[in-house]
Amino acid sequence: MSEKRPRTTVVGGRGFDQIVDDLASQISKIVREHQYSQKIAARLFREAWREIERGRICGENPEEYVREHLGKQIAEYVRLGVQTPTGFLEEEFINALEPLVKKTVNFFTPPAGYPILDGELTCFLVPPAEWGLSLRSLIGRFRISPTMLYDYREVLDRVSSGGKVVPGGNIVPQNPCVLIGVKGGRGLREETRAEADREREKFALSYFSAYQLALLLLLRPDFLRHGESAIALGERFPGEQYLQFTATEKGFVPTLISDPSGSSLSGVGKPYYARIIAT
């Protein structure tokens, strides 16, 4: 039996901050010593990290890590019966996603196309709505009591005609895709909408669509704690409305929110991702 590779080591806050300070001091010393410009210094340390990745000195295998996490997501989709409306049998569903899994694993082969960062969901596999898994069906899965049927139907009726991609969002692929570098339910939570928009533009991030947010909460309900809310700012529905989910003790309550002002939404999660991989 092969030896289990070590997992990521968590460093305490104060210790981690001290390591960051020490590393920054060493970097600054090298930059001053060689009188590097900002462009050269940035390139130098980017290439240094690429060499560290190639050497795999962290003792981890990113390809195994990514394949394991995608495999767990696919297994959870199967457990939830996501393959049923797609028309696939279980094995067919898994096989249909394998080309995307391979492409994503290759993306993270050192040097990776995007770093695996602490605090982010590295990869989130999204079966397309075109396979039969609609936003309506996802919202229907969140109904937490018969007495709330009317409220759910009102939301379902309004989203049935579909939404429009808005600035900050992205066209949802008609094929399976993987979202990379995801900040889920609590992404940009403390920022107002205007502040979140500026950060999203600065770092070339994309907001979630309503379908992506609903699917993420189905797959990972722990992304929102009791009382927390998240809004899909990448898609707008008729009436200038956006879909928001709020976590309760028994599940998620969907609501449609009128176009929020720039000074609003502080305390509401604004899920986003950094990159997208599609077949």
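The values are calculated or read from the model by the stated rules, or taken from the named source; none is laboratory data. Please read these numbers as outputs of a predicted model, since none were measured by experiment. Quick reminder, even Gly has a Cβ in these numbers, built from the backbone with ideal geometry, and neighbours come from all protein chains shown. Just the protein is used for accessible areas: all its heavy atoms, side chains included, with ligands, DNA and RNA removed. Shrake-Rupley method; radii C 1.70, N 1.55, O 1.52, S 1.80 Å.
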Quiz item: What does the helix-only formula give at 222 nm for the chain: each DSSP H stretch with n ≥ 4 adding -39500 (n - 2.57), the total divided by the residues, and the result rounded to the nearest 500 deg cm²/dmol?
Solution: -13500 deg cm²/dmol
Exercise. Please express the Cα-Cα pair-distance distribution P(r) of the chain as a list of whole percents, one per 5 Å bin, running from 0 to the bin with the greatest distance.
Key: 1, 5, 10, 14, 16, 16, 13, 10, 7, 4, 2, 1, 0, 0
Quiz item: What is the projected area of the convex hull of the Cα atoms of region 16-56, averaged over all directions, in nm²?
Solution: 3.3 nm²
Quiz item: Of all chymotrypsin sites (Phe, Trp or Tyr not before Pro) in region 163-229, which ones are in loop regions per DSSP and have a Cβ with at most 11 other Cβ atoms within 10 Å?
Solution: 203
Quiz item: In whole angstrom, how far apart do the alpha carbon centroids of region 233-259 and region 183-229 sit?
Solution: 12 Å
Exercise. Could you tell me what fraction of 2.2 N^0.38 Å the Cα radius of gyration of region 202-266 comes to, as a two-decimal ratio?
Key: 1.13
Practice problem: Please get the size of the charge dipole for the chain, origin at its Cα centre, with Cβ charges of +1 on Lys and Arg and -1 on Asp and Glu, quoted in debye to the nearest 20. | Solution: 240 debye
Exercise. Filter the GluC sites (Glu not before Pro) in region 168-210 to those in DSSP coil with at most 14 other Cβ atoms within 10 Å of their Cβ, and list the result.
Key: 190
Quiz item: For the chain, with every protein chain kept in place, what is the accessible area per residue (1.4 Å probe, Å²)?
Solution: 57 Å²
Quiz item: Any idea which of 135, 179, 160 is furthest toward the positive side of the dipole for the chain, if Lys and Arg beta-carbons carry +1 and Asp and Glu beta-carbons -1?
Solution: 179
Quiz item: Which of 126, 41, 223 sits farthest toward the positive end of the charge dipole of the chain, with +1 on the Cβ of Lys and Arg and -1 on the Cβ of Asp and Glu?
Solution: 41
Quiz prompt | Qualifying lysines (Cα of each under 25 Å from Cα of residue 103; at least 8 residues distant if same chain) | solution = 4, 72, 183
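Given contacts defined as C-alpha pairs under 8 Å and at least six residues apart, what's the relative contact order of the chain, whole-number percent?
Contact order relative to length: 20 percent.
Quick one: pull the percent of accessible area on region 10-76 belonging to carbon and sulfur, 1.4 Å probe, ligands and nucleic acids left out.
Carbon and sulfur atoms account for 56 percent of the accessible area of region 10-76.
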